[in-house]
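Since the structure comes first, as structure tokens, the remarks are kept for the end.
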Amino acid sequence: MPFNKSHTEDQFLENDEVDYVSKSAIKREKHFLRDMGARLMEIKPSSLDQLALGERLRDALDESKRITSHNARKRHLGFIAKLMQNQETESIQEFLDHLDSSSEIYNRRFHQLEKWRDRLINEGAIALTACLDVYPAADHQHLRQLVRNADKEAKQEKPPTAARKLFKYLRELDEAHHVERVTALSKQESEDL
């Protein structure tokens, strides 16, 4: 019986159902990982502790701080991108978006914090209770004092110094809350692997 190429190919596709990934899609993914690796290289080591990264990737990111030569950094970035192929990138991307002021997530969180600040100043105790429900790690007395000072300042039509302090404290609470969520998510992802 002569070799029938089309019959063999059809039979192969029926049995194994191979997914075809284009060369362009592979390149897009590699560029994405490379860009993400470059962003991770710029982050302080203390911030990287919040992510559950593989040991080799974390060591490579720590080592990148010592590399000064342009070509060596470029090669090292390729190495980091290669190591990131084995990582779950969703939690890393969420973490990076949280830090990037041009991202939609960052802007949404910023506006949400502004609403919390305005609500705390305008509504008082009701909003304070709701805020403490969302951020249970908050220092109740300190938050109450900041709200009181911002309210007093607004009534006296003074510059919003206390309101800025309140916003800064809310942002710190939100970042701590976000870090807890990302850490839990990345630990769960690493356990699933």
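The values are calculated or read from the model by the stated rules, or taken from the named source; none is laboratory data. Everything quoted here is computed from the prediction, not taken from an experiment. Note: accessible area is taken over every heavy atom of the protein model, side chains too, but ligands, DNA and RNA are not part of it. Shrake-Rupley method; radii C 1.70, N 1.55, O 1.52, S 1.80 Å.
Structural size metrics of region 45-148, computed from C-alpha coordinates, are Rg and Dmax of 19.9, 58 Å.
The convex hull drawn around the Cα atoms of region 128-170, when projected onto a plane and averaged over every direction, covers 2.8 nm².
Kindly flag which residue pairs out of LYS115/LYS158; LYS74/LYS168; LYS44/LYS82; LYS44/LYS152; LYS65/LYS165 have an alpha-carbon separation exceeding 27 Å in this structure. The pairs that break the limit, which is 27 Å between Cα atoms, are LYS74/LYS168; LYS44/LYS152; LYS65/LYS165. Across region 16-82, Cα-Cα pairs farther apart than 17 Å form 47% of the total. On a per residue basis, region 102-177 carries 65 Å² of accessible surface, using protein heavy atoms and a 1.4 Å probe.
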